[in-house]
Amino acid sequence: MATNRSGAAQRPNGAPQTKVCQFKLVLLGESAVGKSSLVLRFVKGQFHEYQESTIGAAFLTQTVCLDDTTVKFEIWDTAGQERYHSLAPMYYRGAQAAIVVYDITNQDTFGRAKNWVKELQRQASPSIVIALAGNKSDLAAKRMVEFEEAQAYADENGLLFMETSAKTAMNVNDIFLAIANKLPKSEGAGAAGAGGARRLADGEQPRPSSCCK
Amino acid sequence: MATADEEKILEGFLCPICKADLKSASQLTSHFESLHQEEQDVLRSLKDIFGKAKKIILNNDDADLKETFDRALKFSYADYRDEEQSEGVSRSSSDYFKAVRSARLERYATETNKLLIRLDKLVCNMPSDPNQRKQYEQEIVPWLDGSSVKLCPNCAKAFNLTRRKHHCRLCGSILCHDCSLFLDINVARSIVDPSAPPTAAPADAEVTEKTGLRLCEHCYNLIELRKQVQESRNAKTVLMTAYEQMRSLMDQARPAVALYEKMCQSLFDGETTYNLSDVNAMRGRIGKLAEGIDLLSKQIASFPAEPGTRQFRLQNAIRQAAAHYIKEDLLSLRKLPTEAQIDEVRRQRYERAERQIQMERQKMEKERERLEDLAGPSGREREVANDNDDDNPLLEQMNIIRQYIKEAREEFKFEEVAILEANLKELKKEYHLQKLSNKC
C-alpha cells in the first residue's frame with residue numbers, strides 16, 4: 001500500500017481500488033471537558049496534564065485506514081468557553097461528523113452536551129454523524145453522570161456513544177474509528193448531500209498512514 | 001492505526017474554509033460572512049459536478065453524466081416540497097433602524113444647533129468695519145491654521161496668488177473663493193430670530209462678502225435646510241390667505257353697516273347731518289364688501305378637496321357662514337327714504353323748529369320790550385357795531401368746520417361728518433345766543 005498512490009481510485013487502469021475520503025469533524029462541548037486532550041491524544045498520542053484553554057478553534061488532521069478506504073479527518077477543535085459560542089456554527093456547518101464531549105464528573109457538562117446535540121440536529125447538516133463522548137472515565141470514582149443514563153440518551157437520539165479517557169487513551173481511537181465507519185463513503189452518498197465524503201482532488205494527496213504500509 | 005501527524009497544530013480564530021488566523025472573533029465572523037457564506041453551498045455542488053465530470057470523461061459514461069448534471073443544475077424544488085417547510089426565524093429590525101436613524105438625526109440636529117448658536121453670535125453686534133468684523137468673526141469661530149494647507153479641501157485646486165485661502169465663518173475650515181457660498185446677513189438674522197420680520201432682500205442682488213457670510217457647502221446646506229423648515233412652518237396655505245382676506249372684509253363691513261343704520265335713522269328723523277347721496281354711497285360701499293366676501297367664500301368652497309373629509313366640510317361651512325352673513329347682515333339693509341320723503345320730513349321738522357323759534361322770539365321780544373321800557377334806546381347802537389363783525393371767531397370756526405365736513409364727506413368718513421355736524425350745530429347755537437345777547 002505504501003507504493004500505491006492514493007489517487008489510484010481515479011485511475012482507469014484497474015489498479016486496486018482504495019478510496020480516499022476526507023471528512024470534516026468538529027468537537028463541541030463545555031469548557032474543560034477535554035476536547036483538546038482527546039484530539040491531541042488521537043492525533044499526536046500525547047497527553048498534557050495541564051492543557052491550556054483553546055482560543056477560537058484549533059485545526060488538526062489525522063488519517064485512519066479502514067479495510068478498503070483511507071479516511072482523512074479534518075478536525076476542528078472548538079473553544080468551549082461560552083464567549084466563543086457564536087463562532088461554533090461556522091465550524092459545524094458543513095461538517096460530516098461531530099463529537100460532543102462531556103465530563104463524567106460534572107453533571108452540568110452533560111446538560112450542555114445535550115444542548116449541543118439539539119443545536120446540531122437543528123442547524124447542522126441533516127446527515128451529520130454525531131458521537132457523544134463521556135470523557136475523563138479514569139476519574140470514575142468521582143462520577144456524576146451514569147453510563148446508563150448517557151447510553152439511553154444516545155440511543156434515543158441515534159448517537160454513537162463511548163466513555164473515553166484522553167489520559168489513559170481509553171476508547172479515543174475507537175470513537176474516531178467508529179465515526180469513520182459510520183460515515184457514508186460510497187460515491188453516491190457523497191454526491192447526495194453534505195454528509196458525504198469529499199473526494200480528494202489530484203493535487204491534494206493525503207499522506208499514507210503507517211497502518212497501510 | 002492512527003498515527004501522529006507531523007503537521008503543526010493550528011490554533012486561534014481560524015477561518016474554517018481558508019484556515020487563515022483572523023485574530024479576533026468579530027473579525028473571523030465578518031471574514032467568514034463576507035467571503036465564504038455563499039461559497040460553501042456553491043462549492044459543494046461544483047465539486048460534485050467536477051468530480052462526476054472527471055470520472056465520466058474517463059469512463060465515457062454518458063447516461064450517468066447527463067443524470068448528474070440534470071440533478072445538479074435543476075435544483076429541483078420537488079426535493080424540498082416533501083419536507084415540512086417551516087417559515088424559519090424572522091425578526092423585526094425596526095428598532096435597529098430607529099436607533100440608527102435617531103442617532104443620525106441627532107447628529108444633524110446637534111450640528112445644526114451648534115451652527116445656529118454661532119450664527120446668532122456672529123450676526124448680533126457685528127461690527128461694520130471690515131477689519132473689526134474679521135477679528136470679531138475669528139473670536140467667535142476660531143479659524144483653521146492654513147499654513148500647511150496647499151490645496152482647497154473641496155475642489156483640490158492649489159492655492160496661489162490668485163486663488164486665496166478663505167475660511168468658513170461657521171466652522172472655520174479652509175476653502176477657496178469658488179467653493180464658498182454666501183449667506184445674506186439679513187437672511188441670517190431672520191433665521192436666528194424667527195420673530196423678526198424677514199427682511200425681503202432683493203432677489204437678484206448678488207450676495208457678496210460685504211453683505212453676507214462666507215460659508216462652506218456643508219454649513220450652508222445645514223443652515224439652508226433649517227431655513228426651509230422654518231419657512232414651511234410659517235407658510236400659509238392659499239385657503240388660509242383667502243379666509244383671512246374674507247375675515248378682514250367682514251371686519252370692515254360690520255362698522256360700515258352700523259354707520260349706515262345710524263345715517264339712515266338720522267335721515268328719517270329729518271336731521272340734516274347727512275345727505276341722501278352720502279347714505280347712498282355708503283350703501284354702495286357695503287354692497288361692494290358683500291360682493292367681495294361672496295367671491296372669496298365661493299373661492300374657498302371650490303378648492304379641491306375629497307368629499308367627506310374634514311377639509312371639505314370646513315370649506316363648505318365657511319361658504320355657508322359667509323352666505324348667511326351676507327344675506328342677514330349686509331343685504332337686509334333698511335331702504336332709503338326718497339328725496340321727496342326726506343324733504344317732507346325735513347320741512348315738518350323745520351316748521352316745528354321755526355315755530356319754536358318763533359315762540360322763543362316772541363317771548364324774547366316781550367322781554368326786551370319790557371327791558372327797553374326800563375333802559376331806553378341806548379342798546380340799539382351797540383348791536384349795529386357788532387352786527388357786521390366779520391372776523392367773529394365763532395364764524396371763522398364754523399367755516400373751518402364746514403370745510404372739514406366737506407372733506408370728510410368726500411372720503412366717506414361719515415362718522416367724522418356726524419361729529420363735525422354736531423359741532424357745527426353747537427357753534428351755530430352759540431353764535432345765535434351771542435347775537436341775541438349782543439342785541440340785548
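Residue-wise test of (1) more than 45 Å from the chain's Cα centre (by Cα); (2) crowded, with 16+ Cβ neighbours inside 10 Å; (3) part of a loop (DSSP other than H, G, I, E, B); (4) of a type in the set (Ser, Thr, Tyr).
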{"position": "B:Val279", "(1), (2), (3), (4)": "no, yes, no, no"}
{"position": "B:Leu295", "(1), (2), (3), (4)": "no, no, no, no"}
{"position": "B:Ala322", "(1), (2), (3), (4)": "no, yes, no, no"}
{"position": "B:Glu328", "(1), (2), (3), (4)": "no, no, no, no"}
{"position": "B:Glu344", "(1), (2), (3), (4)": "yes, no, no, no"}
{"position": "B:Tyr350", "(1), (2), (3), (4)": "yes, no, no, yes"}
{"position": "B:Ile357", "(1), (2), (3), (4)": "yes, no, no, no"}
Evaluate the following for A:Val39: is it surrounded by 20 or more Cβ atoms within 10 Å (Cβ to Cβ) and facing chain B (nearest Cβ under 7 Å)? no
Looking only at the stretch A:51-74, decide whether some residue is out of contact with any Lys or Arg (no Cβ under 9 Å at 6 or more places or on another chain), assigned to a helix (DSSP H, G or I) and not small (Gly, Ala, Ser). no
Give B:Ala305, B:Ala317 a once-over and let me know the one that is in contact with a Phe, Trp or Tyr (Cβ under 8 Å, 6 or more places away or on another chain), surrounded by fewer than 18 Cβ atoms within 10 Å (Cβ to Cβ) and either assigned by TED's automatic domain parsing to the domain that holds B:Ala253 or at pLDDT 85 or above (or both). B:Ala305
Scan the stretch B:135-152 for residues that are surrounded by 15 or more Cβ atoms within 10 Å (Cβ to Cβ) and of a type in the set (A, V, I, L, M, F, W, C) and jot them down. B:Ile140, B:Val141, B:Trp143, B:Leu144, B:Cys152
Members of the stretch B:297-310 that are part of a helix (DSSP H, G or I) and free of Cβ contacts under 8 Å to residues at least 60 places away in the same chain: B:Ser297, B:Lys298, B:Gln299, B:Ala301, B:Arg310
Among A:Gln81, A:Gln123, the single one that is within 15 Å of A:Ser31 (Cα to Cα), surrounded by fewer than 24 Cβ atoms within 10 Å (Cβ to Cβ) and touching a residue at least 24 places away in the same chain (Cβ under 8 Å) is A:Gln81
Test set (1) of a type in the set (S, T, N, Q); (2) surrounded by 19 or more Cβ atoms within 10 Å (Cβ to Cβ); (3) in a helix (DSSP H, G or I) - B:Gln245 fails condition number: (2)
Sort through A:Glu119, A:Glu156, A:Glu149 and tell me the only one that's within 26 Å of A:Pro184 (Cα to Cα) and more than 14 Å from every other protein chain (Cβ to nearest Cβ). A:Glu156
Positions within the stretch A:19-48 being touching a residue at least 60 places away in the same chain (Cβ under 8 Å) and over 17 Å from A:Ala79 (Cβ atoms), in sequence order: A:Lys19, A:Val20, A:Cys21, A:Gln22, A:Phe23, A:Lys24, A:Arg41, A:Phe42, A:Gly45, A:Phe47
Of the residues B:Glu244, B:Glu261, which single one is closer than 30 Å to B:Lys425 by Cβ and outside the structural domain of B:Lys428 (by TED's automatic domain parsing)? B:Glu261
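The values are calculated or read from the model by the stated rules, or taken from the named source; none is laboratory data. Everything quoted here is computed from the prediction, not taken from an experiment. Positions of Cβ are backbone-derived with ideal geometry, glycine not excepted, and every protein chain shown enters the neighbour counts.
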